[in-house]
Amino acid sequence: MFHRVIVIGGSVAGLLAARALRDHAEHVTVLERDRYPGGPDARRGVPQGRHVHIFVTGGQRALETLLPGSAEALAAAGAVRLELPRDLLSCARNGWERRYPDDRHHLLSCTRPLLEQVVRRQVLAACPALEVREDCAATGLIGDGTAVTGVRTAAGDLTADLVVDASGRGSRSPQWLAELGLAVPREERIDAGLAYATRLFRLPAGTAPDHGVYVQHTPASPRGGALLPVEGGHHLVTLIGVGGDRPTTDAADFLPFARSLRDPYLARLLADAEPLTPVHGSRSTVNIRRRYEETPAPGFLAAGDALCAYNPVYGHGVSIAALGAAALRQALDAGAPSGARLQGALAGTADRAWLLASGADLPYDPQAPAPGRRERLGSWYAQRFLDRAAHDPALGAAYRDVFCLTAPLERLAAPRLALRTLLLPRRAGGEAPPLEVGTPG
Ligand SMILES: Cc1cc2nc3c(=O)[nH]c(=O)nc-3n(C[C@H](O)[C@H](O)[C@H](O)COP(=O)(O)OP(=O)(O)OC[C@H]3O[C@@H](n4cnc5c(N)ncnc54)[C@H](O)[C@@H]3O)c2cc1C
């Protein structure tokens, strides 16, 4: 049992880590630099909050184990459930994917501030003793060359027997640990150079689809975009560009960029749409993994984006924050108070999403080392798998299990699926978006 735990950062990873620690610490205090808004509104400390956020099945299940009733609370607040592949029209590298019912996976789609507000309310209801200090920024760690023993804030030093850094991808813990003479984690970075431009729209009644649309960017066509229904009957639209082909935040450029995607469907939906916000940009898309599990510092853990941040185009950060907190609680319940084991549990949940995101982004990163024979073979297989998954229900189901974080990556290489991938011919996807729902057969 810990006496006092301090969590730096009161967004999803910090609040869920606090929830996981509830039964294993006498006092848990969350320090949040921002003051929370009264409603589901964007805030300074979470600039990504204005952009599309999807929440996949694995994350939803983990959240439900930590906070029973959260799926219902999200639905009641207006989050939209999109069944895959029925409710998401997706244009893959080789054309439009087939669309049919398959009740196993749903994406939850809502604005990020709504998601965070629901999580915050649920955590505070589940942990009445939790102390949350708003307007309170951590400015450093305290301790010495052997352990972290607390947190420095403008209002004074706070001691703790465990500090959890959940301050997001901009975390300063590596510097703070170095200042104490503790080991700095090895850091890996893969940068696809991807940028987002996002705007909220109201689509005219009668033209607003109840499905989402996703036009993937590809090496040959580095522009992509997504349109997703969110609460309030509105649609969030994110345009994506890689390298020199990035979308700007100039409102006049938004529709022309949407029209330049390799399929006109998304732009057509926007033809008479009413923009409700300015265009917001983000370039926080570098995959960053800090290997704290290799050199764990006594008294210190990192969670959420502070531990591993992914290119958001794969939609996994929030789900991994939930899966990480669930793994942390499981390790605590199993009696694993050693920091190294707890950090290992958190890092283990990051593996799948890291391999997916960093593997997919490697070809776009000019700084990445040239892939070896094994990596080239892996990419060739993955691409062949994905091309078939667009229309083959068996491969599609396996891919959705992996993408929705309910199955390990190895599922894609199961013998039956490998045979289908290698022996059946490659086929193009559809030429036009499948406006009617089909059947899997
Ligand atoms: C453009 C974009 C789109 C995204 N889309 C998706 C998506 O579709 N699906 C998905 O799952 N994920 C998505 N993500 C990723 C997701 O936003 C993050 O993975 C998730 O927010 C991580 O949560 P976190 O709590 O670790 O960090 P954050 O949510 O970034 O929160 C960090 C918190 O720490 C606070 N803080 C920072 N420094 C201090 C300090 N010194 N003292 C006290 N408090 C501090 C901040 O104010 C903030 O509240 C997207 C990210 C981006 C950039």
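The values are calculated or read from the model by the stated rules, or taken from the named source; none is laboratory data. What you are looking at is a predicted structure, and each value in this text was computed from that prediction instead of being measured. Cβ sites come from the backbone with ideal geometry, for glycine too, and all protein chains shown count toward neighbours. What goes into the accessible areas is simple: the full protein's heavy atoms, side chains included, and nothing from ligands, DNA or RNA. Shrake-Rupley method; radii C 1.70, N 1.55, O 1.52, S 1.80 Å.
Observations on the structure shown:
For (1) of a type in the set (A, V, I, L, M); (2) in the same structural domain as HIS316 (by TED's automatic domain parsing); (3) open to solvent by 70 Å² or more (accessible area, probe 1.4 Å); (4) closer than 22 Å to PRO222 by Cα, each residue gets a yes or a no:
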position: GLY339; (1), (2), (3), (4): no, yes, no, no
position: ALA347; (1), (2), (3), (4): yes, yes, no, no
position: PRO363; (1), (2), (3), (4): no, no, yes, yes
position: GLN367; (1), (2), (3), (4): no, no, yes, yes
position: LEU377; (1), (2), (3), (4): yes, no, yes, no
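- The residue that is nearest to the ligand (Cβ to nearest atom), counting only those in the range 312-333 that are farther than 20 Å from CYS110 by Cβ and crowded, with 24+ Cβ neighbours inside 10 Å, is GLY324.
- Residue check for VAL123: in contact (Cβ under 8 Å) with a residue 12 or more places away in the chain, touching a helix residue (DSSP H, G or I) at 6+ places or on another chain (Cβ under 8 Å) and open to solvent by less than 10 Å² (accessible area, probe 1.4 Å): yes
To keep it simple, each residue is scored yes or no on (1) in the same structural domain as LEU124 (by TED's automatic domain parsing); (2) at pLDDT below 95; (3) aromatic (Phe, Trp, Tyr); (4) touching a Gly at 6+ places or on another chain (Cβ under 6 Å).
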site	(1), (2), (3), (4)
HIS27	yes, no, no, no
LEU31	yes, no, no, no
TYR36	yes, no, yes, no
PRO40	yes, yes, no, no
VAL52	yes, yes, no, no
PHE55	yes, no, yes, no
GLY59	yes, no, no, no
THR65	yes, no, no, no
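- Qualifying positions in the range 45-75 - of a type outside the set (Gly, Ala, Ser), within 7 Å of the ligand (Cβ to nearest atom) and farther than 24 Å from LEU409 by Cα: VAL46, GLN48, HIS51, VAL52
- Number of the exception - ASP135 against (1) on the phi < 0 side of the Ramachandran plot; (2) modelled with pLDDT of 95 or more; (3) within 16 Å of the ligand (Cβ to nearest atom): (1)
- Scanning the range 76-95 for residues that are at pLDDT 95 or above and hydrophobic (A, V, I, L, M, F, W, C) gives ALA76, ALA77, ALA79, VAL80, LEU82, LEU84, LEU88, LEU89, CYS91.
- Residue ID - farthest from the ligand (Cβ to nearest atom), chosen from residues in the range 288-310 that are under 25 Å from LEU194 (Cα atoms) and surrounded by fewer than 24 Cβ atoms within 10 Å (Cβ to Cβ): ARG291
- Checked against (1) at pLDDT 90 or above; (2) open to solvent by less than 20 Å² (accessible area, probe 1.4 Å); (3) on the phi < 0 side of the Ramachandran plot, PRO393 passes all but condition (2).
- Some residue of the range 192-200 being charged (D, E, K, R), away from the ligand (no atom under 11 Å from the Cβ), touching a residue at least 12 places away in the same chain (Cβ under 8 Å) and buried (at least 21 other Cβ atoms within 10 Å of the Cβ): yes
- Residue check for LEU177: among the aliphatic types (A, V, I, L, M), open to solvent by less than 10 Å² (accessible area, probe 1.4 Å) and more than 10 Å from the ligand (Cβ to nearest atom): yes
- Residue satisfying all of: in the range 398-435; charged (D, E, K, R) and touching a residue at least 40 places away in the same chain (Cβ under 8 Å); most open to solvent (accessible area, probe 1.4 Å) among these: GLU431
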